[in-house]
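A short worksheet on the structure shown next.
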Amino acid sequence: MTAQPKQAQTMTGADVPDSKDPIERTVDNVNGQNIMGDFRPSDLLDTAGALAGWALTHPVGLAKASLGFWGELGKIAAGQSRHSVDSGDRRFSDPAWKENSIYSGLLQGYLALRQSMAKYATDSNLDERSHFLLDQVGDALAPSNFLLANPAALRRLKETRGLSLARGTRNLLNDVRKRRPIPSQVDETAFKVGENLAVTPGSVVLRTEMFELIQYAPQTEQVHERPVLVVPSIVNKYFVFDLAPKRSILEYYIQKGMTVFVMVWRNPQPRHDRWGMSDYQDAVGAAVDATRAIGQSEDVNIWAVCGAGPVVISLAGYYAAKGTRNINSLLLVVSPLDMKAMAEAPSLGAFVDDPEAPTPSVVKKVLRNKRISATEFTLLFAMLRANELIWNYWVSNYLMGETPSAFDVLYWNSDGTGMTAQFNHDFSEFVENNPFVTPGAMKVRGTPISDLADLGFDSYVLGAKNDHLCIWQSVYRSAQLLGSRSRFVLGNSGHIQTIVCPPGNPKASFSTNEDQSGTPEEWLKGATRHPGSWWDHGVAWTAEHAGPLVSAPKAPGNEKYPALGAAPGTYVHERG
């Protein structure tokens, strides 16, 4: 007998948690595609070695910082100095951190340590990666992360007569057994892809070594003539677009009369490390051809999501250079195209290597020839917001003995994928060269692509105001690169919550402004804010580009592309 999934948590409308809810904060911090060059978490070991070497060869700075720290502790003990917790820091919200002299002393000592570490990094002119490493160490040393120094955890231990510690130990051992790089963020037993996630009816109509193509079944008697092809992020699984019913943007578009296809990327294994950007471009081209053939349409309305944006845009530039009209419109989702604008995102300087740094080319080549595993991606993104994505769950799972919540987006986030060695090489080179800002600088199949402003179709560019990785200002720059036929729309939440934003959410809104000639700040100042989800706005724009209504297809695929099985297919289940 198959075990039935537990009741899963899906949040819409009034069920959306309060802004202080840890689930919502975690979801807002969830991010997708890697835009961080050759960096891996293991690189911090090299940074630690370099930092230790610096301290040994420059002992005066370390001694000065140490003396400053001990001097500050003396002032705190004498009542001459007191540090305040940042208003947004929830780690120390328990009243005991203020009311109990022991906990208050621990907190003051910790805050003094963080201040001294930050001052040492600044005074020593350490690079951004060293700053990042010290921040990680500082976050880890917070007294709230230790059982005997956490008043809430000790109370729970007493109230449960030790059961919280037993449960926490069980949670820890379970994460170790499953080789998770960070504490679990979600109760994975509550979900099963194909049963309560990714359940929109459809059929696999094409399977290659790299991807499966799903054609969704129509849910209206008539559909728009021109099909929609969704190209999800190459790193991350596609079903964030097809979560639970009523939270699936694909389902929503289908119910509005669109014929929708989606590419399901295979989770690459080491044997696939030869797949590079050109292979992904060819794969998208194959999906475009199949969608056109099955939909009996000369062209498609294509979506490009996050890190798939450069792949789709470069292919579109190739089509334009060749005079081939296979794409009618583009919906670009949280995808920066100008890497210089991307590098200005907070925290990313620690990850992106300076292309002008005197790093030998052979070293860069070795770095780029490494694949990035799903485990590395999980840890990498968690470190960007360590207190929310690592230590928050360390405390709740291990010290408090709580079971993580069952929330669909967090399950999707835990079901990660890797990146092939060749694509890592190619994408790192793309980030370094930033070819989209220079007409003709990028070539596809040996042909210089057209300027992005001359692709010959309209674009709808979606940014996310609270996105910490693909910052909205860099996505706005994408809209500018795409020229006068682009439209920029800004959702009011984070990377994923902007995508998963069904109508009925009272907190949702989006902003529009037809004038994209100025700076991001000028655009925002002149923008009109619209309450509600952007989905209906996106549907209306797509309908304008989708052609007349025709009778819905009676069966999936065609003679050349027959139905091979039911959605969500087989590739989405592959892990590793």
| query | Checking Thr498 against (1) under 22 Å from Asp242 (Cβ atoms); (2) surrounded by fewer than 14 Cβ atoms within 10 Å (Cβ to Cβ), which single condition isn't satisfied? | reply | (2)
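For every residue, the table says whether it meets (1) at pLDDT 95 or above; (2) buried (at least 17 other Cβ atoms within 10 Å of the Cβ); (3) of a type outside the set (Lys, Arg); (4) closer than 23 Å to Leu172 by Cβ.
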| residue | (1), (2), (3), (4) |
| --- | --- |
| Leu107 | yes, yes, yes, no |
| Ser130 | no, yes, yes, no |
| Leu134 | no, yes, yes, no |
| Ala140 | yes, no, yes, yes |
| Pro143 | yes, yes, yes, yes |
| task | Go through the residues of segment 468-480 one by one and say whether even a single one is buried (at least 23 other Cβ atoms within 10 Å of the Cβ), in a loop (DSSP other than H, G, I, E, B) and touching a Pro at 6+ places or on another chain (Cβ under 8 Å). | result | yes
| said: Being touching a Leu at 6+ places or on another chain (Cβ under 8 Å), assigned to a helix (DSSP H, G or I), surrounded by 18 or more Cβ atoms within 10 Å (Cβ to Cβ) and among the β-branched types (Val, Ile, Thr) is true for just one of Val284, Val240. Which residue is that? | reply: Val284
| Failed item in (1) assigned to a loop (DSSP other than H, G, I, E, B); (2) within 25 Å of the chain's Cα centre (by Cα); (3) of a type in the set (S, T, N, Q); (4) modelled with pLDDT of 95 or more, with Asn558 passing the rest | (2)
| field | Pairs, first in the same structural domain as Val284 (by TED's automatic domain parsing) and in a loop (DSSP other than H, G, I, E, B) in segment 436-450, second surrounded by fewer than 15 Cβ atoms within 10 Å (Cβ to Cβ) and among the polar types (S, T, N, Q), C-beta under 9 Å, six or more apart | value | Ala441/Asn433; Met442/Asn433
| request: Please enumerate the residues belonging to segment 151-170 that are at negative phi and of a type in the set (D, E, K, R). | output: Arg155, Arg156, Lys158, Glu159, Arg167, Arg170
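Does segment 527-542 contain any residue that is among the basic types (Lys, Arg), touching a Ser or Thr at 6+ places or on another chain (Cβ under 9 Å) and at pLDDT 95 or above? Walk me through it before giving the result.
Keep residues of segment 527-542 that are among the basic types (Lys, Arg), which gives 529.
From the residues that got through so far, the ones that are touching a Ser or Thr at 6+ places or on another chain (Cβ under 9 Å) too are 529.
The next check asks that each one be at pLDDT 95 or above; those that pass are 529.
For segment 527-542, residues among the basic types (Lys, Arg), touching a Ser or Thr at 6+ places or on another chain (Cβ under 9 Å) and at pLDDT 95 or above: present.
Residue-wise test of (1) of a type in the set (A, V, I, L, M); (2) on the phi < 0 side of the Ramachandran plot.
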{"position": "Ile471", "(1), (2)": "yes, yes"}
{"position": "Gly483", "(1), (2)": "no, no"}
{"position": "Leu490", "(1), (2)": "yes, yes"}
{"position": "Ile496", "(1), (2)": "yes, yes"}
{"position": "Phe510", "(1), (2)": "no, yes"}
{"position": "Pro520", "(1), (2)": "no, yes"}
{"position": "Thr542", "(1), (2)": "no, yes"}
{"position": "Thr570", "(1), (2)": "no, yes"}
{"position": "His573", "(1), (2)": "no, yes"}
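If a residue has to be over 16 Å from Asn328 (Cα atoms) and of a type in the set (Phe, Trp, Tyr) to count, how many in segment 454-492 make the cut? Can you show your working first?
Within segment 454-492, the first condition is being over 16 Å from Asn328 (Cα atoms), and the residues that meet it are 462-481, 488-492.
From what is left, the residues that are of a type in the set (Phe, Trp, Tyr) are 472, 476, 488.
So the answer is 3.
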| message | So the check is Cβ under 6 Å with 6+ separation or different chains; which pairs have a first residue in segment 214-232 that's outside the structural domain of Pro556 (by TED's automatic domain parsing) and within 8 Å of Gly257 (Cα to Cα) and a second one that's assigned to a loop (DSSP other than H, G, I, E, B) and of a type in the set (Phe, Trp, Tyr)? | response | none
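Matching residues to (1) within 18 Å of Ala118 (Cα to Cα); (2) touching a residue at least 24 places away in the same chain (Cβ under 8 Å); (3) assigned by TED's automatic domain parsing to the domain that holds Asp139:
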position	(1), (2), (3)
Trp54	yes, yes, yes
Pro59	yes, no, yes
Gly68	yes, yes, yes
Gly74	no, no, yes
Lys98	no, no, yes
| field | Positions within segment 100-159 being outside any helix (DSSP H, G or I), farther than 30 Å from Asp46 by Cβ and out of contact with any Leu (no Cβ under 7 Å at 6 or more places or on another chain), in sequence order | value | Asn100
| request: Return the residue satisfying two criteria in turn: it lies in segment 504-516 and is free of Cβ contacts under 8 Å to residues at least 60 places away in the same chain and touching a helix residue (DSSP H, G or I) at 6+ places or on another chain (Cβ under 8 Å), and of such residues it is farthest from Ala464 (Cα to Cα). | output: Asp515
| message | I want to confirm something. Restricting to segment 266-280 and keeping residues that are more than 22 Å from the chain's Cα centre (by Cα) and more than 20 Å from His573 (Cα to Cα), which single residue is surrounded by the fewest Cβ atoms within 10 Å (Cβ to Cβ)? | response | Arg274
| task | Write out, first by first residue and then by second, each pair whose Cβ atoms fall under 9 Å of each other, whose residues are 6+ apart or on separate chains, and whose first residue, in segment 300-320, is in a helix (DSSP H, G or I) while the second is of a type in the set (Lys, Arg). | result | Ser314/Lys443; Tyr318/Lys443; Tyr318/Arg445; Tyr319/Arg325
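I'd like the residue in segment 255-265 that is closer than 14 Å to Ala543 by Cα and either in contact (Cβ under 8 Å) with a residue 60 or more places away in the chain or crowded, with 23+ Cβ neighbours inside 10 Å (or both) and, out of all such residues, is farthest from the chain's Cα centre (by Cα).
First, pick out the residues of segment 255-265 that are closer than 14 Å to Ala543 by Cα: 255-260.
If we keep only those that are either in contact (Cβ under 8 Å) with a residue 60 or more places away in the chain or crowded, with 23+ Cβ neighbours inside 10 Å (or both) too, we end up with 256-260.
Numbers: Lys256: 27, Gly257: 29, Met258: 26, Thr259: 27, Val260: 23 Å.
Ranking the candidates gives Gly257 first.
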| Of everything in segment 178-198 that's in contact with a Leu (Cβ under 9 Å, 6 or more places away or on another chain) and among the β-branched types (Val, Ile, Thr), which residue is nearest to Trp394 (Cα to Cα)? | Ile182
| query | Could you say whether any residue in segment 109-116 is in the same structural domain as Arg156 (by TED's automatic domain parsing) and free of Cβ contacts under 8 Å to residues at least 12 places away in the same chain? | reply | no
| field | Of all residues making up segment 116-151, the number that are touching a Gly at 6+ places or on another chain (Cβ under 9 Å) and of a type outside the set (Ser, Thr, Tyr) | value | 11
| message | Can you list residue pairs whose Cβ atoms sit under 9 Å apart, with the first residue in segment 471-494 being more than 25 Å from Pro506 (Cα to Cα) and the second being of a type in the set (S, T, N, Q) and in a helix (DSSP H, G or I)? Count only pairs 6 or more apart in sequence or on different chains. | response | Ser486/Ser478; Ser486/Gln480
| request: Quick one: in segment 391-429, of everything that is hydroxyl-bearing (Ser, Thr, Tyr) and assigned to a helix (DSSP H, G or I), which residue is nearest to Leu197 (Cα to Cα)? | output: Tyr411
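Mind listing whichever residues of segment 432-456 are among the β-branched types (Val, Ile, Thr), out of contact with any Lys or Arg (no Cβ under 8 Å at 6 or more places or on another chain) and surrounded by 21 or more Cβ atoms within 10 Å (Cβ to Cβ)? So that I can check it myself, show each step before the final result.
Kept after step one, since they are among the β-branched types (Val, Ile, Thr), are these residues of segment 432-456: 437-438, 444, 447, 449.
This time we only want the ones that are out of contact with any Lys or Arg (no Cβ under 8 Å at 6 or more places or on another chain), so: 438, 444.
Passing the criteria: only Val444.
The values are calculated or read from the model by the stated rules, or taken from the named source; none is laboratory data. Computed from a prediction, not measured in an experiment: that's the story for all the values here. Virtual Cβ from ideal backbone geometry, glycine too; neighbours counted across all protein chains shown.
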